[in-house]
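One structure is given here, and the rest of the page talks about it.
The values are calculated or read from the model by the stated rules, or taken from the named source; none is laboratory data. Source: prediction; values computed, not measured. Note that each Cβ is placed from the backbone with ideal geometry, even for glycine, and that neighbours are counted across all protein chains shown.
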Amino acid sequence: MTAFNKNNPFKTPEGYFEGFNHRLMDTHSEGNLSLPKKEGFVVPDGYFKSVNDTIISKLDVVETKVVQLHPLRKYYYAAASIAAVLLVIFGLNLPASEAVTFDSLAESDIENYFENNDYDLSAFEIAEVIPVDELEINDILTNQFEEENLIEYLDENTNTYEELNLEDYE
């Protein structure tokens, strides 16, 4: 059954495609090809020389206004260069920050650092790192220890009197 299309006036006969492949192979196997010796289409002499002029003459040519795509480009470049110059000027005038040294740290910062960072070091291991020959008694006694704080610290951090090397005089 062939479908009829109003826009397409061409029709194929019933059963045309069913045996088409066999008929085509039979024709080629016999060597009996009936191809035309001449081309079926002819172009008039000088057609391609005048076709361009003919098409242009049929068109209505209207001059259009040319619009620049980047009319503000020079202003963008100027603004970018001014911003770069200002950045360099202010960048060079900034005061250099001082390098952080051990002396510039507050004692509370150092204490907080050792309290918040766990190194699994005992008091004896830390004492081994401190150079004893450079240590003076005044370095230790510069902080006036309050007796209450000292007793509270020793009470929390020692278990026996032997750790303190104290003799019991009672």
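Quick notes on this one:
- Taking segment 103-132 as the range and being exposed (fewer than 10 other Cβ atoms within 10 Å of the Cβ) and aliphatic (A, V, I, L, M) as the test, the residues that pass are A106, A123, V129, I130, V132.
- Whichever residue in segment 35-59 is more than 30 Å from L24 (Cα to Cα) and acidic (D, E) and, among such residues, is surrounded by the most Cβ atoms within 10 Å (Cβ to Cβ): D53
- Number of the exception - K37 against (1) at pLDDT below 80; (2) among the basic types (K, R); (3) not in a loop (DSSP other than H, G, I, E, B): (3)
- Only listed residue being among the aromatic types (F, W, Y) and over 30 Å from T158 (Cβ atoms), chosen from F124, F90, F102: F90
- Identity of the residue in segment 63-111, among the polar types (S, T, N, Q) and not in a loop (DSSP other than H, G, I, E, B), that ends up farthest from I126 (Cα to Cα): S81
- The listed residue being modelled with pLDDT under 85, within 36 Å of the chain's Cα centre (by Cα), surrounded by fewer than 10 Cβ atoms within 10 Å (Cβ to Cβ) and of a type in the set (V, I, T), out of V66, V62, V100: V100
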